[in-house]
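The values are calculated or read from the model by the stated rules, or taken from the named source; none is laboratory data. The model shown is predicted, which means the values in this text are computed figures rather than measured ones. Here Cβ is always computed from backbone atoms with ideal geometry, including for glycine, and neighbour counts include all displayed protein chains.
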2 protein chains.
Amino acid sequence: MRIGELARQAGVDVQTVRYYEREGLLDAPARTASGYRAYGPRHLERLNFVRHCRSLDMPLAEIRRLIELSRDTRVSCDQVNALVRTHLERVQAKRKALQALEGQLQALSAQCESGHRVADCGILEELIHAAHGEACACHPAQLSGQSPL
Amino acid sequence: MRIGELARQAGVDVQTVRYYEREGLLDAPARTASGYRAYGPRHLERLNFVRHCRSLDMPLAEIRRLIELSRDTRVSCDQVNALVRTHLERVQAKRKALQALEGQLQALSAQCESGHRVADCGILEELIHAAHGEACACHPAQLSGQSPL
DNA sequence: AAAAACCCTGTAGCGGCTACAAGGTCAAAC
DNA sequence: GTTTGACCTTGTAGCCGCTACAGGGTTTTT
């Protein structure tokens, strides 16, 4: 199987396959006489594995680590689980941050009344207030009323 | 005020200030005889405005647009609001995606029982099953099943 | 007068691709 | 046979929002 076929089967771009090879996530395949990459079914499996991990938003470095771990049968499953849980915590933290952001943007948008000119825009007013370090609807007084930065 | 003082007041890195100038978010300031940037209070206000928008995770291009809009007093506030709401929708979409991810990673982690060797690791099994296109705990039945989104 | 702290420009790196350029190879249509 | 077109190769650069260097010059402090 050549690179185009492999990429099609895994649903990725040909460039991405080469990129993964460079990054050590895919073993370098055999080459034909003319230098074309020749892949077998194991390569497709590996590529699907990588893509599955990517769909879980794991960084390539962690996927590489996972591949390493899975090669050494003496390794405890706990290490794999720790990696997954660490990643889960990252995702959770990011989700919570976005949730807070959502509230802030909603509060900001609520400042705006239709039909105004920007000179009277509640949003811009709010955003510019921040330039003076004041509390605002989107970043309401954190605890001691200090600047959000 | 020189660049270091400006950066300190806004709580950003000196490099970031220069970067914003290059990117057209901060006006180029006057220079001293020896070529040092000399900032006034307006620059600090602008920089705080940019940082505030960044704390709302707005891309620089949108902040630039916001600055443009705010300069033209004939512009309707609706344009500002539309920009904010579009950004809000992006944030919402991303948050929902992360929420789904969280569930998937939790399901995956639950596959793992402590003390196993990787050879018997539920997580790796799951991830590798994906390589055969099978349904798995973390990505349950895509076709007919309930989307976690 | 030396040392430390500051400033300047330019360049490169991060992650995870994506796109382009300039060429080589191979199959099928004419 | 040849010419198109689809495929393949390598190398390079771009995206975003910084951050970090390198290699110099200036100002302030000791």
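Scanning for something more than 9 Å from chain A (Cβ to nearest Cβ), modelled with pLDDT of 90 or more, within 16 Å of DNA strand D (Cβ to nearest atom) and in a helix (DSSP H, G or I), does the stretch B:22-31 turn up at least one residue? So that I can check it myself, show each step before the final result.
Keep residues of the stretch B:22-31 that are more than 9 Å from chain A (Cβ to nearest Cβ), which gives B:22-31.
Still in the list and also modelled with pLDDT of 90 or more: B:22-31.
Subsequent filtering for residues that are within 16 Å of DNA strand D (Cβ to nearest atom) retains B:22-26, B:29-31.
Next, from what is left, pick out any that are in a helix (DSSP H, G or I): B:22.
Yes, because at least one residue in the stretch B:22-31 is more than 9 Å from chain A (Cβ to nearest Cβ), modelled with pLDDT of 90 or more, within 16 Å of DNA strand D (Cβ to nearest atom) and in a helix (DSSP H, G or I).
Determine, yes or no, whether A:L44 is within 11 Å of DNA strand C (Cβ to nearest atom), out of contact with any Phe, Trp or Tyr (no Cβ under 6 Å at 6 or more places or on another chain) and within 14 Å of chain B (Cβ to nearest Cβ). Walk me through it before giving the result.
On the way: within 11 Å of DNA strand C (Cβ to nearest atom): no; out of contact with any Phe, Trp or Tyr (no Cβ under 6 Å at 6 or more places or on another chain): yes; within 14 Å of chain B (Cβ to nearest Cβ): yes.
For A:L44, the condition - within 11 Å of DNA strand C (Cβ to nearest atom), out of contact with any Phe, Trp or Tyr (no Cβ under 6 Å at 6 or more places or on another chain) and within 14 Å of chain B (Cβ to nearest Cβ) - is not met.
State whether the residues of the stretch A:1-17 include one that is more than 14 Å from chain B (Cβ to nearest Cβ), within 12 Å of DNA strand D (Cβ to nearest atom) and in contact (Cβ under 8 Å) with a residue 40 or more places away in the chain.
Checked the stretch A:1-17: at least one residue is more than 14 Å from chain B (Cβ to nearest Cβ), within 12 Å of DNA strand D (Cβ to nearest atom) and in contact (Cβ under 8 Å) with a residue 40 or more places away in the chain.
Please determine whether any residue of the stretch A:56-66 is farther than 25 Å from B:S109 by Cα, crowded, with 16+ Cβ neighbours inside 10 Å and either touching a strand residue (DSSP E or B) at 6+ places or on another chain (Cβ under 6 Å) or of a type outside the set (V, I, T) (or both). Explain how you work it out, then say what you get.
Just the residues of the stretch A:56-66 that are farther than 25 Å from B:S109 by Cα, to begin with: none.
Looking through the stretch A:56-66, none of the residues is farther than 25 Å from B:S109 by Cα, crowded, with 16+ Cβ neighbours inside 10 Å and either touching a strand residue (DSSP E or B) at 6+ places or on another chain (Cβ under 6 Å) or of a type outside the set (V, I, T) (or both).
Sort out which residues of the stretch A:67-86 are crowded, with 21+ Cβ neighbours inside 10 Å and in contact (Cβ under 8 Å) with a residue 12 or more places away in the chain, and write them in order of number. Write out each step before concluding.
Our first condition is that a residue be crowded, with 21+ Cβ neighbours inside 10 Å; within the stretch A:67-86, this holds for A:77, A:80-81, A:84.
Residue satisfying the conditions is A:V80 alone.
Take the residues of the stretch A:66-98 that are of a type in the set (G, A, S), more than 8 Å from chain B (Cβ to nearest Cβ) and over 23 Å from B:P140 (Cα atoms): which is farthest from the chain's Cα centre (by Cα)?
For the stretch A:66-98, the residue satisfying everything is A:A97.
Please tell me if A:G35 is in a loop (DSSP other than H, G, I, E, B), surrounded by fewer than 15 Cβ atoms within 10 Å (Cβ to Cβ), more than 14 Å from chain B (Cβ to nearest Cβ) and out of contact with any helix residue (DSSP H, G or I) (no Cβ under 8 Å at 6 or more places or on another chain). Reasoning before the result, please.
Values: in a loop (DSSP other than H, G, I, E, B): yes; surrounded by fewer than 15 Cβ atoms within 10 Å (Cβ to Cβ): yes; more than 14 Å from chain B (Cβ to nearest Cβ): yes; out of contact with any helix residue (DSSP H, G or I) (no Cβ under 8 Å at 6 or more places or on another chain): yes.
Criteria met by A:G35.
Is it the case that some residue within the stretch A:138-146 is touching a Leu at 6+ places or on another chain (Cβ under 7 Å), surrounded by 13 or more Cβ atoms within 10 Å (Cβ to Cβ), at pLDDT below 85 and facing chain B (nearest Cβ under 7 Å)? Break it down stepwise before answering.
Going through the stretch A:138-146, the residues touching a Leu at 6+ places or on another chain (Cβ under 7 Å) turn out to be A:138.
Narrowing further to those that are surrounded by 13 or more Cβ atoms within 10 Å (Cβ to Cβ): A:138.
Imposing the further condition that a residue be at pLDDT below 85 reduces the set to A:138.
Right, trim to facing chain B (nearest Cβ under 7 Å) and you get A:138.
Within the stretch A:138-146, one or more residues are touching a Leu at 6+ places or on another chain (Cβ under 7 Å), surrounded by 13 or more Cβ atoms within 10 Å (Cβ to Cβ), at pLDDT below 85 and facing chain B (nearest Cβ under 7 Å).
For the stretch B:40-90, enumerate the residues that are within 16 Å of DNA strand D (Cβ to nearest atom), on the phi < 0 side of the Ramachandran plot and not in a helix (DSSP H, G or I).
B:L56, B:M58, B:P59, listed by residue number.
Given the condition near DNA strand C (Cβ under 9 Å from one of its atoms), more than 20 Å from the chain's Cα centre (by Cα) and among the charged types (D, E, K, R), answer yes or no: does some residue in the stretch A:1-15 qualify?
For the stretch A:1-15, residues near DNA strand C (Cβ under 9 Å from one of its atoms), more than 20 Å from the chain's Cα centre (by Cα) and among the charged types (D, E, K, R): absent.
Which count do you get for residues in the stretch B:18-40 that are free of Cβ contacts under 8 Å to residues at least 24 places away in the same chain and under 30 Å from A:Q104 (Cα atoms)?
Adding up the residues that qualify gives 5.
Would you pick out the residues in the stretch B:1-30 that are surrounded by fewer than 13 Cβ atoms within 10 Å (Cβ to Cβ) and among the polar types (S, T, N, Q)?
Selection gives B:Q15 alone.
Among the residues of the stretch A:102-112, are any surrounded by fewer than 19 Cβ atoms within 10 Å (Cβ to Cβ), within 16 Å of DNA strand D (Cβ to nearest atom), more than 8 Å from chain B (Cβ to nearest Cβ) and not in a loop (DSSP other than H, G, I, E, B)?
Just the residues of the stretch A:102-112 that are surrounded by fewer than 19 Cβ atoms within 10 Å (Cβ to Cβ), to begin with: A:102-103, A:106-107, A:110.
So of that shortlist, the ones also within 16 Å of DNA strand D (Cβ to nearest atom) come out as none.
The answer is no, given that none of the residues of the stretch A:102-112 is surrounded by fewer than 19 Cβ atoms within 10 Å (Cβ to Cβ), within 16 Å of DNA strand D (Cβ to nearest atom), more than 8 Å from chain B (Cβ to nearest Cβ) and not in a loop (DSSP other than H, G, I, E, B).
Pull up the stretch A:52-65, narrow it to residues that are more than 8 Å from chain B (Cβ to nearest Cβ) and within 11 Å of DNA strand C (Cβ to nearest atom), then point me to the one that is nearest to A:L83 (Cα to Cα).
Of the stretch A:52-65, the ones more than 8 Å from chain B (Cβ to nearest Cβ) are A:54, A:58-65.
The next check asks that each one be within 11 Å of DNA strand C (Cβ to nearest atom); those that pass are A:54, A:58-64.
Working: A:R54: 14, A:M58: 10, A:P59: 11, A:L60: 13, A:A61: 11, A:E62: 8, A:I63: 10, A:R64: 12 Å.
Residue satisfying both the conditions and the ranking: A:E62.
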